[in-house]
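Visitor: My questions will all concern the structure given below.
The values are calculated or read from the model by the stated rules, or taken from the named source; none is laboratory data. On a predicted model such as this, the values are computed, not experimentally measured, just so you know. Cβ sites come from the backbone with ideal geometry, for glycine too, and all protein chains shown count toward neighbours. All accessible areas refer to the heavy atoms of the entire protein, side chains included, with ligands and DNA or RNA removed. Shrake-Rupley method; radii C 1.70, N 1.55, O 1.52, S 1.80 Å.
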Amino acid sequence: ASRERTFIAIKPDGVQRGLVGKIIQRFEERGFKMVALKICAPGRAHLEKHYADLSKKPFFKDLVDYMVSGPIIAMVWEGLNAVKCGRMMLGETNPQASLPGSIRGDFSIQVGRNICHGSDSVESANHEIALWFNKNELVNWESAMYTWIYE
Ligand code: DAT
Ligand code: MG
């Protein structure tokens, strides 16, 4: 169970605003293990695939325009309930509803500039990880802190 993985991304506004280190630090400090990390700009077709479930939404074009407007930090984090806990750490989709202490609640104001992405289920995490990373980009390693984080 402590091997659950989630896909977390820092969107172009998070990168431009210099929040990369702070966001990574939150996942590190919580005790999650980084399994993959890269800066990338994968282009429109890739982002349309990433957000395929939303393709009928009125905001879809603006969303894709925003996501291709600059580099993205793509990451995979591993740990117990990484998906659900990751979502909690991000906050609500709309920053107006995100509590202080969450990433969106601390660093963002509007839904169209909510600075980060996190998978919403284990199934979508597996799908997104496969979409964003090659197998050889995922690194299996044992954290020396494991037994200090897990009972
Ligand atoms: P989340 O990113 O919390 O998983 P989502 O998957 O429903 O939310 O939507 C993906 C992104 O689309 C979201 O981060 C911001 C944008 N978005 C969602 N709902 C929106 C809305 N009502 N108006 C404008 N943009 C929206
Ligand atoms: Mg989503």
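Yes/no per residue for (1) of a type in the set (Asp, Glu); (2) assigned to a helix (DSSP H, G or I):
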{"position": "Gly21", "(1), (2)": "no, yes"}
{"position": "Phe27", "(1), (2)": "no, yes"}
{"position": "Asp53", "(1), (2)": "yes, yes"}
{"position": "Lys56", "(1), (2)": "no, no"}
{"position": "Lys61", "(1), (2)": "no, yes"}
{"position": "Tyr66", "(1), (2)": "no, yes"}
{"position": "Val76", "(1), (2)": "no, no"}
{"position": "Leu80", "(1), (2)": "no, no"}
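Visitor: Also, I was wondering about something else. Any idea how many residues of the range 40-49 are away from ligand 2 (no atom under 16 Å from the Cβ) and either surrounded by 13 or more Cβ atoms within 10 Å (Cβ to Cβ) or in contact (Cβ under 8 Å) with a residue 24 or more places away in the chain (or both)? Don't jump to the end; show me each part of the working.
Guide: Within the range 40-49, the subset away from ligand 2 (no atom under 16 Å from the Cβ) is 40-45.
Applying the additional criterion that residues be either surrounded by 13 or more Cβ atoms within 10 Å (Cβ to Cβ) or in contact (Cβ under 8 Å) with a residue 24 or more places away in the chain (or both) yields 40-44.
So the answer is 5.
Visitor: Does Asp120 meet the test of being of a type in the set (Asp, Glu) and over 15 Å from the mean Cα position of the chain (by Cα)?
Guide: Numbers: of a type in the set (Asp, Glu): yes; over 15 Å from the mean Cα position of the chain (by Cα): no.
Answer is no for this residue.
Visitor: Gly18 - would you say it is away from ligand 1 (no atom under 16 Å from the Cβ) and surrounded by fewer than 16 Cβ atoms within 10 Å (Cβ to Cβ)? Working first, answer last.
Guide: Numbers: away from ligand 1 (no atom under 16 Å from the Cβ): yes; surrounded by fewer than 16 Cβ atoms within 10 Å (Cβ to Cβ): yes.
Criteria met by Gly18.
Visitor: Could you grab me the full set of residues in the range 123-151 that are of a type in the set (Val, Ile, Thr) and within 19 Å of Ile10 (Cα to Cα)?
Guide: In the first step, residues of the range 123-151 are kept if they are of a type in the set (Val, Ile, Thr); the result is 129, 139, 147, 149.
Ile129 - this is the single residue of the range 123-151 that is of a type in the set (Val, Ile, Thr) and within 19 Å of Ile10 (Cα to Cα).
Visitor: Taking Ile23 and the conditions (1) away from ligand 2 (no atom under 14 Å from the Cβ); (2) β-branched (Val, Ile, Thr); (3) open to solvent by less than 30 Å² (accessible area, probe 1.4 Å); (4) over 15 Å from Ile10 (Cα atoms), which numbered condition does it fall short on, given that it satisfies the others?
Guide: (4)
Visitor: Looking at the range 50-92, which of its residues are surrounded by 15 or more Cβ atoms within 10 Å (Cβ to Cβ) and charged (D, E, K, R)?
Guide: Once the filter is applied, which keeps residues that are surrounded by 15 or more Cβ atoms within 10 Å (Cβ to Cβ) and charged (D, E, K, R), the range 50-92 yields Glu78, Lys84, Arg87, Glu92.
Visitor: Continuing with this model, one more query. Among the residues of the range 93-151, write down those that are open to solvent by 90 Å² or more (accessible area, probe 1.4 Å), outside any helix (DSSP H, G or I) and away from ligand 1 (no atom under 16 Å from the Cβ).
Guide: Pro100, Asn134, Asn140, Trp141, Glu142, Ala144, Met145, Glu151
Visitor: Can you pull out the residues in the range 29-51 that are among the aliphatic types (A, V, I, L, M) and either assigned to a helix (DSSP H, G or I) or over 28 Å from Asn81 (Cβ atoms) (or both)?
Guide: As a first pass, look at the range 29-51 and keep what is among the aliphatic types (A, V, I, L, M): 34-37, 39, 41, 45, 47.
Residues satisfying the conditions are Ala41, Ala45, Leu47.
Visitor: Which numbered condition in (1) touching a strand residue (DSSP E or B) at 6+ places or on another chain (Cβ under 8 Å); (2) more than 12 Å from ligand 2 (Cβ to nearest atom) is the only one that Glu92 fails?
Guide: It is condition (2) that Glu92 fails.
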